[in-house]
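Asks: Quick one: this structure, given as structure tokens, is what I'll be asking you about.
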Amino acid sequence: MLSSPIDKILAWTEAHPSEELVTSTESRTLKMGDETIELTLADGPRGQFLDGSWHARSALMANADKVQELASKLPYMQF
């Protein structure tokens, strides 16, 4: 008997190397054939992934003017 979800996933992928695993960030699940495993994903990272805000560099680059404006007001950025 397999004791953990990791063991189940490893055993399934070894037994079905050409089949796909389907993950859902929204429902926090992993589907392997007919079996669905519940995944643990904290609300913060899950929300960021779902709304696209997980990519901090992209967010900063999209708001470069605001970043520069704020940086110019910070005393430790005055060099």
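Just so it is clear, none of the values below were taken in a lab; they were calculated from the coordinates. It should be emphasised that the depicted structure is a prediction, and the values quoted were computed from it without experimental measurement. Because the Cβ atoms are built from the backbone with ideal geometry, glycine has one as well, and the counts that use them run over all protein chains shown.
Asks: From the Cα trace of the chain, what convex hull volume per residue do you get, rounded to a whole Å³?
Replies: For the chain, the hull spanned by Cα atoms encloses 170 Å³ per residue.
Asks: Put +1 on the Cβ of every Lys and Arg and -1 on every Asp and Glu Cβ in the range 1-41; which of MET32, ILE6, LEU21 then has its Cα farthest towards the positive end of the dipole?
Replies: Positive-end residue among those listed: ILE6.
Asks: Also: Please find, in a Gaussian network model of the chain (springs between Cα atoms separated by less than 10 Å), the residue of GLU14, GLU38, GLU26 whose mean-square fluctuation is greatest.
Replies: Per the Cα network of the chain with a 10 Å cutoff, GLU14 tops the list.
Asks: So what's the convex hull volume per residue for the Cα atoms of the range 1-41, in Å³? Write down the numbers at each step before the final one.
Replies: Values: hull volume 2.8 nm³, N = 41.
Roughly 69 Å³ of hull volume per residue.
Asks: Related question: Give, rounded to the nearest 20 debye, the magnitude of the charge dipole that the chain has about its Cα centre when Lys and Arg contribute +1 at Cβ and Asp and Glu contribute -1 at Cβ. Don't skip to the answer; put the middle values down first.
Replies: Details: 7 positive and 12 negative charges, 107 e Å.
That gives the chain a dipole magnitude of about 520 debye.
Asks: Pull out the extension gain between ARG46 and SER3, defined as 0.36 nm times the separation in residues minus the alpha carbon to alpha carbon distance; nm, one decimal.
Replies: Net length gain for the segment: 12.9 nm.
Asks: Work out how much length THR25 to MET77 would gain on full extension: take 0.36 nm times their residue separation and subtract the Cα-Cα distance, in nm to one decimal.
Replies: Working: separation 52, 0.36 × 52 = 18.72 nm, distance 3.85 nm.
Separation in residues times 0.36 nm, less the Cα-Cα distance, equals 14.9 nm.
Asks: Which lysines, on any chain, are close to LYS8 with Cα under 18 Å apart, when same-chain ones fewer than 8 places away are left out?
Replies: Filter leaves LYS31.
Asks: Mind checking the dipole of the range 1-41: about its Cα centre, +1 per Lys or Arg Cβ, -1 per Asp or Glu Cβ, Debye to the nearest 20?
Replies: 120 debye
Asks: Here is a further query. With n ≥ 4 as the cut-off for DSSP H runs, can you work out [θ] at 222 nm for the chain, using -39500 (n - 2.57) per run divided by the number of residues, rounded to the nearest 500?
Replies: Details: 4 runs with 37 residues, N = 79.
Calculated mean residue ellipticity at 222 nm is -13500 deg cm²/dmol.
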